[in-house]
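A short reminder: the numbers here are calculations on the coordinates, not readings from a lab. Not measured: the values here are computed from a predicted model. Ideal geometry is used to build each Cβ from the backbone, glycine not excepted, and the neighbour counts take in all protein chains shown.
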C-alpha cells in the first residue's frame with residue numbers, strides 16, 4: 001500500500017514504545033523505522049534485532065525513567081519513527097466485501113484507540129479512519145493497548161471526516177453510525193456486504209454533521225446500563241458485522 005510521505009520527524013517528537021509485544025511487532029514491520037533500542041540483556045534473548053539498529057543495554061531502573069511511571073516495559077524500550085500516512089483512496093482501492101471499516105469521530109484516548117485497533121485486526125477489518133487533528137498520535141500507551149495491531153492495521157488520518165464518509169459511500173460502503181439514541185438495532189441496520197462502522201467520542205458521541213453523513217443510525221442491544229466504553233462498543237460491532 002502506498003503511503004503519503006511524511007516530513008522527517010524531529011527527535012523530540014519520536015514515540016517510544018515499550019513492552020515485548022509492542023517492540024517485537026515494530027521490529028517485524030518493514031514499514032517501521034526503529035532509531036534505537038534500550039534493553040536489559042535478558043529481554044533481548046529471542047528477539048531478532050537487525051545489526052543496523054543500535055542497542056543500548058540498560059538496567060531496569062534506567063528503563064523505568066524513560067517511560068511513564070509504572071509502565072510495564074518488560075526490559076524493552078524502542079525509539080521509533082512514526083509511520084507514514086496512508087491515503088484513504090488507496091485503502092478504499094483494497095476494499096473487499098465482508099471487511100468493515102472503523103471510523104472514529106474525535107475519539108482521543110490512546111488506550112481506547114489502541115484497543116479498537118486490536119479488535120479491528122482480530123475481526124479482519126479493512127482499516128481505521130480518524131481525523132488527523134482529533135485523534136491521538138502514535139505513542140507507547142497506544143502501541144501497548146493495540147498489542148501489535150498498530151503495526152498491521154492500516155490507519156488513515158483525514159482532514160475532513162464528512163468528506164471521507166462521502167468517499168466511502170462512493171466506494172460502496174453502507175455507513176452505520178452507532179448511537180444509543182437510535183431506534184434501529186445494529187443487527188437490523190447490517191445487511192450490505194461493505195460496512196463502515198462510525199463511532200463517536202465517549203460523552204459527546206458523534207457530531208451532528210457526522211451523523212448526517214451516515215446511511216443509518218443504530219444502537220447496540222444493551223440493557224441495564226446507558227452505554228459502553230467506545231472500545232467495547234467497537235469490538236461488539238465488529239463481531240456483529242463479521243457474522244452478519
Residues in region 126-154 near a label at residue 242, defined as backbone nitrogen under 18 Å from the 7 Å Cα→Cβ point?
126-129, 146-154
Taking a spot 7 Å from the Cα of residue 29 along the direction of its beta carbon, which residues of region 55-92 have an amide N less than 17 Å from it?
77-88, 91
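Can you give the FRET efficiency for residue 163 and residue 223, using 1/(1 + (r/R0)^6), R0 = 41 Å, r = Cβ-Cβ distance, to the nearest 0.05?
Details: r = 37 Å, r/R0 = 0.90.
For residue 163 and residue 223, the calculated efficiency is 0.65.
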How much mean residue ellipticity at 222 nm does the chain get from its helices, if each DSSP H run of length 4 or more adds -39500 (n - 2.57) and you divide by all residues, to the nearest 500 deg cm²/dmol?
-8000 deg cm²/dmol
For an R0 of 35 angstrom, estimate the FRET efficiency from the Cβ-Cβ distance between residue 207 and residue 14 and round to the nearest 0.05.
0.65
Using alpha carbon centroids, what distance separates region 11-79 and region 93-145, in Å?
23
Relative contact order (percent) for region 162-207, with alpha-carbon contacts under 8 angstrom and 6 or more residues of separation?
40
Rounded to the nearest 10 degrees, what's the angle between the helix 110-122 long axis and the longest principal axis of the chain, both from Cα atoms, 0 to 90?
70
Just checking my list [x] 19.0, 58; [y] 17.9, 54; [z] 20.5, 71 against Rg and Dmax of the Cα atoms in Å computed from this structure; which label fits?
[x]
Taking only C-alpha pairs under 8 Å that are 6+ residues apart, what is the relative contact order of the chain in percent?
20
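How high is the relative contact order of region 121-244, in percent, counting Cα pairs under 8 Å that sit 6 or more residues apart?
Numbers: 153 pairs, mean separation 32.5, N = 124.
RCO, region 121-244: 26 percent.
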